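Take a look at the structure set out below.
The values are calculated or read from the model by the stated rules, or taken from the named source; none is laboratory data. Small disclaimer: the values here were computed from a predicted structure and weren't measured. Here the Cβ positions follow ideal geometry from the backbone for every residue, glycine too, while neighbour counts run over all protein chains shown. Areas reflect the complete protein model, heavy atoms only, side chains present, ligands, DNA and RNA absent. Shrake-Rupley method; radii C 1.70, N 1.55, O 1.52, S 1.80 Å.
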Amino acid sequence: MTDVRAYDLSTWNRSVEGEIHRLRLQVDLSWKKEARNLSWFGLQDGMSVLELGSGPGFFTKKLLSLVPNSSITAVEIDPTAIEYFQQYLQGITSDRLKMIEASIMDTNLPDNSFDFAIVRYVLWNLPDPIGAAKEVLRVLKPGGKCVITDYDDEFYSLVDPPAPKRLLGFEKLNQFVTANGGNPKFGRYLWRILKETGFKKLNLEAVILHSDELGIEPLFKISFDEAFLVPVIQQGFLKETELEEIRAETKQFLSSPNALIMIELLMICGEKPLAT
Ligand SMILES: C[S@@+](CC[C@H](N)C(=O)[O-])C[C@H]1O[C@@H](n2cnc3c(N)ncnc32)[C@H](O)[C@@H]1O
């Protein structure tokens with residue numbers, strides 16, 4: 001399956017294992033707050049849940065315990081992610097969990113079949129997020145809800161003391177993402193995208209992570225690991241010498257006693273109207 005996408009699990013990081021570790025950390029660090037928001041948005045045990053772009057399954061596993069009587073259908077396009085998912089979640093019965101290899105752009109799932117859909121860190125990497133949101137709208141039952149969790153690079157992570165080389169790294173990363181069909185400024189359009197798609201009763205919230213609570217190294221790892229720059233260098237957006245400068249600054253930043261990082265992720269919920 002070859003849909004255009006800026007994110008590739010196998011090339012995003014220095015190794016697949018490295019990226020899988022980062023994705024696990026990214027779920028662990030924010031799960032409590034995301035779970036609280038999901039429940040507040042209306043996720044209830046027993047609902048039929050659809051998770052799109054489920055990756056290696058770390059979020060899926062948390063969902064399985066948050067809604068222990070729900071059936072969960074996971075959709076994923078990447079065979080490497082699917083293989084890991086199947087290993088990680090093996091032994092879970094098929095009435096509780098189904099994995100479907102498909103694109104969010106065209107899932108082949110029946111109309112009006114799910115109560116709740118979750119799309120986490122997926123739409124930023126797609127050239128047609130409205131097309132993806134339309135597909136989610138189609139498969140939701142009338143009155144069903146969709147929650148999209150995503151980011152916008154301009155307020156995704158704040159660091160103190162300032163790290164100018166890191167900003168250069170982000171600029172180059174953004175050029176890479178844009179050239180590959182994604183949108184690093186996606187978060188600011190979430191409301192418009194859901195509105196244009198036809199979702200109603202929109203509700204936009206944020207989850208804040210702070211290094212004073214969670215530690216500087218893990219927050220740095222999920223928000224700006226220098227390993228993100230591997231494909232950026234490979235595609236010629238960043239020079240090795242620039243990477244060296246970023247590395248030196250990172251080392252200094254991480255050893256600074258007062259260093260802090262704040263991360264903000266966005267969560268929006270929309271409802272499928274009862275009559276369309
Ligand atoms: C950054 S990862 C996030 C994984 C997971 N949702 C999480 O939060 O841990 C993005 C995932 O979306 C998947 N993806 C990208 N484009 C997709 C598409 N068109 N259809 C389905 N999945 C897609 C990727 O393969 C990857 O597993």
Practice task
Those residues that are under 20 Å from R247 (Cβ atoms) and aliphatic (A, V, I, L, M), I need them from region 154-208; list them, please.
Solution key: V159, A163, L167, L168, L173
Problem - Residues that are open to solvent by 30 Å² or more (accessible area, probe 1.4 Å) and either assigned to a strand (DSSP E or B) or not charged (D, E, K, R) (or both), drawn from region 105-133 - result: M105, D106, N108, P110, N112, S113, D115, Y121, P127, I130
Handout entry: E51 being open to solvent by less than 50 Å² (accessible area, probe 1.4 Å) and more than 8 Å from the ligand (Cβ to nearest atom)
Key = no
Completion exercise
For region 71-104, the count of residues that are within 12 Å of the ligand (Cβ to nearest atom) and buried (at least 18 other Cβ atoms within 10 Å of the Cβ) equals 12
Practice task
Using the structure shown, decide if L158 is under 21 Å from the mean Cα position of the chain (by Cα), in contact (Cβ under 8 Å) with a residue 24 or more places away in the chain and under 22 Å from P110 (Cβ atoms).
Solution key: no
Practice task
Give me the pairs, please: first residue somewhere in region 1-29 and in contact (Cβ under 8 Å) with a residue 24 or more places away in the chain and under 20 Å from G181 (Cβ atoms), second residue anywhere and within 9 Å of the ligand (Cβ to nearest atom) and hydroxyl-bearing (S, T, Y), beta-carbon distance under 8 Å, and either six or more positions apart or on two chains.
Solution key: M1/S103; D3/S103; L9/T80; S10/T80
Problem - Residue match in region 56-74 (condition: closer than 22 Å to Y156 by Cβ and of a type in the set (G, A, S)) - result: no
Problem - Test set (1) over 18 Å from the mean Cα position of the chain (by Cα); (2) open to solvent by 40 Å² or more (accessible area, probe 1.4 Å) - G42 fails condition number - result: (2)
Exercise for the section: Filter region 136-156 for residues that are open to solvent by 20 Å² or more (accessible area, probe 1.4 Å) and at negative phi and give the result. Expected result: L137, R138, K141, P142, K145, Y151, D153, E154, F155
Completion exercise
Of the residues in region 177-194 that are open to solvent by 10 Å² or more (accessible area, probe 1.4 Å) and assigned to a helix (DSSP H, G or I), the one that is farthest from L137 (Cα to Cα) is A179
Practice task
Would you mind listing the helices (runs of 4 or more DSSP H) fully within region 195-237 where at least 3 residues are buried (at least 17 other Cβ atoms within 10 Å of the Cβ)?
Solution key: 216-224, 229-234
Completion exercise
Within region 179-203, the count of residues that are at pLDDT 95 or above and over 16 Å from the mean Cα position of the chain (by Cα) comes to 13
Exercise for the section: Go through region 238-268 and give me each residue that's of a type outside the set (G, A, S), open to solvent by less than 70 Å² (accessible area, probe 1.4 Å) and either without any contact (Cβ under 8 Å) to a residue 60 or more places away in the chain or assigned to a helix (DSSP H, G or I) (or both). Expected result: E242, L243, I246, E249, T250, F253, L254
Completion exercise
Within region 1-60, residues being of a type in the set (A, V, I, L, M), outside any loop (DSSP other than H, G, I, E, B), in contact with a strand residue (DSSP E or B) (Cβ under 8 Å, 6 or more places away or on another chain) and within 30 Å of Q235 (Cβ to Cβ) number 2
Exercise for the section: Please indicate, with yes or no, whether at least one residue in region 4-26 is surrounded by 15 or more Cβ atoms within 10 Å (Cβ to Cβ), acidic (D, E), within 11 Å of the ligand (Cβ to nearest atom) and closer than 25 Å to V139 by Cα. Expected result: no
